[in-house]
1. Grab the beta carbon distance between B:Ile46 and A:Lys80, set R0 = 35 Å, and tell me the FRET efficiency rounded to 0.05.
2. At 1.4 Å probe size, with no ligands or nucleic acids counted, give the accessible surface of A:Arg39 in Å², nearest ten.
3. Provide an ascending nm list, one decimal, of label-point separations from A:Gly59 to the equivalent residue in each further copy; define each label point as 7 Å from Cα along Cα→Cβ.
4. When each copy gets a label point 7 Å from Cα toward the beta-carbon at B:Ala18, what are the spacings between them in nm, shortest first?
5. Give the separation of the Cα centroids, the range A:92-108 to the range B:80-130, in Å.
6. Just how many % of Cα pairs in the range A:4-131 lie over 18 Å apart, if you round to the nearest whole percent?
7. Return the value, in Å² to the nearest 100, of accessible area buried between chains A and B (probe 1.4 Å, both sides summed).
8. With runs of 4+ DSSP H residues as the only contributors, calculate the mean residue ellipticity of chain B at 222 nm using -39,500 (n - 2.57) per run, divided by the residue total and rounded to the nearest 500.
Protein chains: 2
Amino acid sequence: MNGRFPIALHIMTLLCDADGLVASEFLAGSMNMNAVLVRKELSNLIKNKLVSSQTGKSGGYALARPAADITLAQIYQTVKPEAILGQAKNQPNPACPIGKQINQHIATLYDDVDKALLEKLGSTTLKDFMAKFH
Amino acid sequence: MNGRFPIALHIMTLLCDADGLVASEFLAGSMNMNAVLVRKELSNLIKNKLVSSQTGKSGGYALARPAADITLAQIYQTVKPEAILGQAKNQPNPACPIGKQINQHIATLYDDVDKALLEKLGSTTLKDFMAKFH
DNA sequence: TTGTATTGTAATAAAAATTATTACAAATAA
DNA sequence: TTATTTGTAATAATTTTTATTACAATACAA
């Protein structure tokens, strides 16, 4: 499991807390990580219309819409892995009656799990999350 | 994300399908992966009392109890990662008011998500899962 | 207009995690 | 007592993740 979701959430929380444009170097400083990686994640958030940016001097990043209109599910969707509970690297033996079918049944299970997860994350907005900080 | 859950589930499904003891080489053959890794995952399943084993010639592995008494949640618990939606490697800057608190809030969120996930997986037994194969 | 700060992104390197392999002791059935 | 199997350690190979370097493009401001 990689750290993309917590990173994206951290970025969104910082943007939510700020009033103007925020530079990637500032974000990286608060997160204590590499600014290029932060910008990459920001690129992805922009592509998913959760963040807007302005290039050039005194440029930076901001939320694309009010924090009350952004759910944690939407943030999660931007970094969602293919297989929520992991994917084995091997291809099961097609000569085995179990192996032949299992990936399909796992996919169905994962669809269900995904739905439950998105429902859970959909019930909290970025504003709600932000409110926990004091 | 690693492939431990699908691997564990594959093992459990194969053991469920078999009647006697099953050798790790057979499991590895069906899964098309390394037998030592399969035995390692089996070790973990044994430690968690979902599987029993017998050493020596004509030894092998079997479910420790009926498939109707094993839920997918219990299988998941044996391979559960620390952080369900990922963990960033960096330590946020403690001088930042957001960074200082965010890990704690993420942990709380993850507890909630975990609970929802376990509830979902707890509603399906290994027997139920097995029934999908035909 | 020229310098400076910033985004955006490619290329590459470094580090970490995952998966595979080799080796072999211990157990046990035949 | 031999053959087969579990159990596990040590190590290697591979893949993924994270970090770094480099630089073009943009836009503000002096």
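1. Here the calculated transfer efficiency is 0.55.
2. Number for this one is 90 Å².
3. 6.4
4. Taking the point 7 Å beyond Cα along Cα→Cβ, the inter-copy spacings are 5.7 nm.
5. 29
6. Considering the range A:4-131, 59 percent of its Cα-Cα pairs are separated by more than 18 Å.
7. Separately minus together, A and B give about 4100 Å² buried.
8. Calculated mean residue ellipticity at 222 nm is -17500 deg cm²/dmol.
The values are calculated or read from the model by the stated rules, or taken from the named source; none is laboratory data. Note that the structure is a prediction, hence the values are computed from the model and not measured. So basically every Cβ, Gly included, is an ideal-geometry build from the backbone, and we count neighbours across all protein chains shown. Each accessible area value is taken on the protein alone, full model and side chains, heavy atoms only, with ligands, DNA and RNA left out. Shrake-Rupley method; radii C 1.70, N 1.55, O 1.52, S 1.80 Å.
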